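Enquirer: First, the structure itself, so that you have it in front of you.
Please treat every number below as a calculation from the coordinates, not as lab data. Since the structure is predicted, the reported quantities are computational estimates derived from the model, not experimental observations. Cβ coordinates were reconstructed from backbone atoms using ideal geometry, including for glycine residues, and neighbour counts include every protein chain displayed.
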């Protein structure tokens, strides 16, 4: 289990840095799009498509570190007010349902990516499958992070002690 948690920390760190990179690309291209449209009166035909695609990738990759750090929307006050075992059970049930959801999203995203492989993005002439691939790839990162959360919870690292700040990704295993 310790080895899996190390791999999970490493994979989640990769997802975080990739999400940041895609977000930076989206911001830079959005600024470029606005500048070309309003300052020069000649909007770029390709930057909006890449901006939107980069945002999609950023979101799907950013969910994994959000799960790992416990920053997803949660009803933590319900879990912590219940007796510890019942609260832990509720947390694990929520994580199992999350795994099921992202497992389905992985499968359907994979099917959709294959289905749209012959279609191209407007103004770019590259396959739209590159955008749809964010669903199955992001889902894999998310499922790894959720499994890591479940393992840490089962080991007793749930909930975080009062006043304990979230750790930097990769520091705690």
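Enquirer: What span do the alpha-carbon atoms of the stretch 35-169 cover on each of the three principal axes, reported in whole Å from largest to smallest?
Expert: Rounded to whole Å, the extents work out to 61, 37, 22 Å.
Enquirer: Between 60, 32, 106, where does the largest GNM mean-square fluctuation fall for the chain, given springs only between Cα atoms within less than 10 Å?
Expert: 32
Enquirer: Would you mind ranking 2, 45 so that the residue whose beta carbon has the fewest other beta carbons within 10 Å leads the list?
Expert: Working: 2 9, 45 12.
In increasing order of surrounding Cβ atoms, one gets 2, 45.
Enquirer: Here's a follow-up. Helix 2-34 versus the longest principal axis of the chain: what angle, 0 to 90°, nearest 10, using Cα atoms?
Expert: The angle comes out at about 30 degrees.
Enquirer: Which number do you get for Rg(Cα) / (2.2 N^0.38 Å) in the stretch 22-106?
Expert: Working: Rg = 20.0 Å, N = 85, 2.2 N^0.38 = 11.9 Å.
Dividing the Cα radius of gyration by 2.2 N^0.38 Å gives 1.68.
Enquirer: Just to confirm the number: angle between the C-alpha axis of helix 84-115 and the first principal axis of the chain, 0 to 90 degrees, nearest 10?
Expert: In the chain, helix 84-115 runs at an angle near 30 degrees to the longest axis.
Enquirer: Another question about this same structure. How far is it, in nm, from the label point at residue 126 to the one at residue 93 when both lie 7 Å from their Cα along the line to the Cβ?
Expert: In this crude spin-label approximation the distance works out to 4.5 nm.
Enquirer: Using the eigenvalues of the Cα gyration tensor, what equivalent ellipsoid semi-axes result for the stretch 109-148 when each is taken as the square root of five times the eigenvalue, whole Å, largest first? Intermediate values should be presented prior to the final figure.
Expert: Numbers: eigenvalues 130, 19, 4 Å².
Its equivalent ellipsoid spans semi-axes of 25, 10, 4 Å.
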